[in-house]
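**Student:** I'd like to ask some things about the structure below.
The values are calculated or read from the model by the stated rules, or taken from the named source; none is laboratory data. In this text, all values refer to a predicted model and were calculated from it rather than measured experimentally. Note: ideal-geometry Cβ built from the backbone for every residue, glycine included; neighbour counts use all protein chains shown.
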Amino acid sequence: MKVGDIVMLKPDPNSEDRFLRMPVGIITHIDPEDIGDSEEVLVLWNDGEGYSNHSMYYLEVISESR
């Protein structure tokens with residue numbers, strides 16, 4: 001994953017909400033806390049919640065940036 005990628009949270013296959021519309025976001029920063037964690041990203045979400053940190057493990061790329 002890299003800055004500019006469009007992502008969504010990986011759906012939980014056991015959740016009843018897995019078919020609901022999930023917000024999408026754009027990765028704006030890698031290692032936002034500057035602690036050397038290249039698997040942590042800052043995402044700006046389209047649902048009005050603003051920015052939040054996430055592990056790449058829980059995200060799915062739906063559109064890669066160039």
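**Student:** List the residue pairs whose Cβ atoms are under 9 Å apart, where the first residue sits in the stretch 36-58 and is under 16 Å from Ile6 (Cβ atoms) and in contact (Cβ under 8 Å) with a residue 40 or more places away in the chain, the second is small (Gly, Ala, Ser) and surrounded by 11 or more Cβ atoms within 10 Å (Cβ to Cβ), and the two are 6 or more positions apart or on different chains.
**Tutor:** Matching pairs, first to second residue: His54/Gly25.
**Student:** Could you check how many residues of the stretch 44-66 are over 12 Å from Met22 (Cβ atoms) and either touching a helix residue (DSSP H, G or I) at 6+ places or on another chain (Cβ under 6 Å) or β-branched (Val, Ile, Thr) (or both)?
**Tutor:** 1
**Student:** For the stretch 3-23, which residues satisfy the criterion of being part of a loop (DSSP other than H, G, I, E, B) and modelled with pLDDT of 95 or more?
**Tutor:** We begin by selecting, within the stretch 3-23, every residue part of a loop (DSSP other than H, G, I, E, B); these are 3-5, 10-23.
Val3, Gly4, Asp5, listed by residue number.
**Student:** Then there's this: So how many residues does the stretch 45-66 have that are farther than 19 Å from Glu33 by Cβ and either touching a strand residue (DSSP E or B) at 6+ places or on another chain (Cβ under 7 Å) or loosely packed, with under 10 Cβ neighbours inside 10 Å (or both)?
**Tutor:** Counting residues in the stretch 45-66 that are farther than 19 Å from Glu33 by Cβ and either touching a strand residue (DSSP E or B) at 6+ places or on another chain (Cβ under 7 Å) or loosely packed, with under 10 Cβ neighbours inside 10 Å (or both) gives 7.
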